[in-house]
Amino acid sequence: MTMSNSYKYEVSVHKSWSGNGLRFATHDEADAAGRELLSRWWVPDEYRVVESSELVNYRFNPDTGKPEALPPEPVLSEESIHLLEECGV
């Protein structure tokens, strides 16, 4: 059994499922984001949450009721950056 890296929502428009690039850490976050989107759009009939092998790049903020982009992961570790700074690079 494969483990998913993330969850995404998809919406059904004219019986065809489509999604976007938002990936969430939990099923609940993706569900909340899909529900929020469906509340604003009138064309989709429904939404669903599916597993994704892509990395998490969004979180759902329950205070605002909106998805928020996560900052990108640093390419270098904090320790590597510190060592490069010490060397004057």
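Assigning unit charges at the beta carbon (Lys, Arg +1; Asp, Glu -1) and nothing else, what dipole magnitude in debye, to the nearest 20, does the chain show about its Cα centre? Intermediate results must be reported in sequence, preceding the final value.
Details: 8 positive and 16 negative charges, 123 e Å.
The calculated dipole for the chain is roughly 600 debye.
For the stretch 48-56, just list the computed ³J(HN,Hα) in residue order, Karplus coefficients 6.51, -1.76 and 1.60, θ = phi - 60°, integers in Hz, with x standing in for Gly and Pro.
Result, ordered by residue: 8, 10, 10, 6, 9, 8, 7, 6, 5 Hz.
Please give the calculated 222 nm ellipticity per residue for the chain, where each DSSP H segment of at least 4 residues contributes -39500 (n - 2.57) and the sum is spread over every residue; nearest 500 deg cm²/dmol?
Mean residue ellipticity at 222 nm (helix-derived): -8000 deg cm²/dmol.
Work out the charge dipole of the chain with +1 on the Cβ of Lys and Arg and -1 on the Cβ of Asp and Glu about the Cα centre, then indicate which of 84, 42, 7 is farthest towards its positive end.
42
Arranged by the count of other C-beta atoms within 10 angstrom, fewest first, what order do 63, 28, 45 take?
In order of increasing Cβ crowding within 10 Å: 63, 45, 28.
Please report 27, 14, 82 as a ranked list, fewest other C-beta atoms within 10 angstrom at the top and most at the bottom.
So the residues, fewest neighbours to most, are 14, 82, 27.
With N denoting the number of residues in the chain, provide Rg(C-alpha) divided by 2.2 N^0.38 Å, to two decimal places.
Relative to the 2.2 N^0.38 Å estimate, the chain comes out at 1.44.
Taking the Cα centre of each part, how many Å lie between the stretch 43-69 and the stretch 12-38?
The distance from the Cα centre of the stretch 43-69 to that of the stretch 12-38 comes to 5 Å.
When the Karplus curve 6.51 cos²θ - 1.76 cosθ + 1.60 is applied with θ = phi - 60°, which whole-Hz ³J(HN,Hα) does each residue of the stretch 7-12 get, with x for Gly and Pro?
My calculation for the stretch 7-12 gives 10, 9, 9, 10, 10, 9 Hz in order.
What Rg and what Dmax come out for the stretch 18-65 when only alpha-carbon atoms are used, in angstroms?
10.7, 29
Can you put 76, 38 in order of Cβ neighbours within 10 angstrom, beginning with the fewest?
76, 38
Rule-based calculations on the coordinates, nothing more; no lab input. If you're wondering where the values come from, they're calculated on a predicted model, not measured in any experiment. All Cβ positions, even for glycine, are placed from backbone atoms using ideal geometry, and neighbour counts span all protein chains on display.
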